[in-house]
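If you scroll down you'll find the structure; I have some questions about it.
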Amino acid sequence: MAEHQATVSPKVAQPYWAKHAYEVLVETAGRYNAVITYSELADEVQQRSGLHSTTQMRNWIGGLLADLAKVNHVRSEPPLTSLVVHKDDGRVGAGYDEALRLAGEHVSDDPDERENSAAAARLECYRHWGADVPDDAAPTVHTRTRAPRERATSTRSARPARTPAPVERRGAVCPTCFMEMPVSGTCPNCD
């Protein structure tokens, strides 16, 4: 937990939040069938970093998750963003789509397709980061998702959940310090 607290813009805090978000999600992946909500992740990275923002989470969480997806891709790791879900229905949001794009997979508008892909990725995360996973484990949809999905099948007219759009980045993200690198591809912090 950070000792000093500061209010900053998301742009300033993003590299620090990314490092803490990676740690939080690795901890989450270490517990079989664990997930974390967008708001829980946002609160935790602000608390751990000591950097808070008055900007609404929905305006910056997408960029944070896009950075994490890039780091996981560069490191050939399963996408930790599959562990981040909406608190109301337990589903991943559009923040997970960047992981699909980076993996060269089809990005569907169908929330069931997205959730099935995320369930498989979550299982990979649990195995990769040492959770106690049963040998016969299969991808499962989070428990908060099961009931709403069954109701949603009969009522397809439900309004889709709003999710934040990823923040566009010019350069790659350094897999060591999570800073956006210059176009040269050499991280000035780690070089």
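Given Ala121, Ala131, which one is touching a helix residue (DSSP H, G or I) at 6+ places or on another chain (Cβ under 6 Å) and either touching a residue at least 40 places away in the same chain (Cβ under 8 Å) or not in a loop (DSSP other than H, G, I, E, B) (or both)?
Answer to the selection: Ala121.
From (1) modelled with pLDDT under 90; (2) farther than 17 Å from Val24 by Cβ, pick out the condition that doesn't hold for Gly95.
The number of the failed condition is (2).
Something else about it: Kindly evaluate Asp112 against the criterion of being farther than 15 Å from Ala66 by Cα, over 17 Å from the mean Cα position of the chain (by Cα) and open to solvent by 60 Å² or more (accessible area, probe 1.4 Å).
no
Across the range 102-118, what is the number of residues that are touching a residue at least 12 places away in the same chain (Cβ under 8 Å) and touching a helix residue (DSSP H, G or I) at 6+ places or on another chain (Cβ under 9 Å)?
The number of residues fulfilling the criteria is 9.
Of all helices (runs of 4 or more DSSP H) completely enclosed by the range 1-108, which ones contain at least 3 residues that are buried (at least 19 other Cβ atoms within 10 Å of the Cβ) and among the hydroxyl-bearing types (Ser, Thr, Tyr)?
In the range 1-108, the matching helices (runs of 4 or more DSSP H) lie at 10-29.
The values are calculated or read from the model by the stated rules, or taken from the named source; none is laboratory data. For clarity, every value in this text was computed on a predicted model and none was experimentally measured. With ideal geometry, Cβ positions are generated from the backbone for all residues, glycine too; neighbour counts draw on all protein chains shown. Heads up: the accessible areas ignore ligands, DNA and RNA and are worked out on the full protein's heavy atoms, side chains in. Shrake-Rupley method; radii C 1.70, N 1.55, O 1.52, S 1.80 Å.
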